[in-house]
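Written out below as structure tokens is the structure these notes cover.
The values are calculated or read from the model by the stated rules, or taken from the named source; none is laboratory data. Computed from a predicted model, the values in this text were never measured in an experiment. In this analysis, Cβ positions are derived from the backbone assuming ideal geometry, glycine residues included, and neighbour counts consider all displayed protein chains. The accessibility values were calculated without ligands, DNA or RNA, using every heavy atom of the protein model including side chains. Shrake-Rupley method; radii C 1.70, N 1.55, O 1.52, S 1.80 Å.
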Amino acid sequence: MRRVLLLVTDGLPGIEEAIRRVYPMAGWQRCVVHMVRSSRSCKELCVRVCV
């Protein structure tokens, strides 16, 4: 691997900071699948608590 340009990961706590330390020039974004799953589970929890 010559150069890492972008890393796509889940929302694991601390992962973004670790990536910035090891690959300071690389971009980072959260995986869309993980983001959608997280937002759905949060919405479902809110619906259960609010009802």
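A few points about this structure:
- Restricting attention to the range 1-11, the residues that are open to solvent by 90 Å² or more (accessible area, probe 1.4 Å) and assigned to a loop (DSSP other than H, G, I, E, B) total 4.
- The range 12-45, residues that are at pLDDT 75 or above and open to solvent by less than 70 Å² (accessible area, probe 1.4 Å): G14, I15, A18, I19, A26, G27, W28, C31, V36
- Annotation note: Cβ proximity below 6 Å between a residue of the range 8-25 that is in contact (Cβ under 8 Å) with a residue 24 or more places away in the chain and a residue that is of a type outside the set (D, E, K, R) and outside any helix (DSSP H, G or I) (sequence gap 6+ or interchain) occurs for D10/C31.
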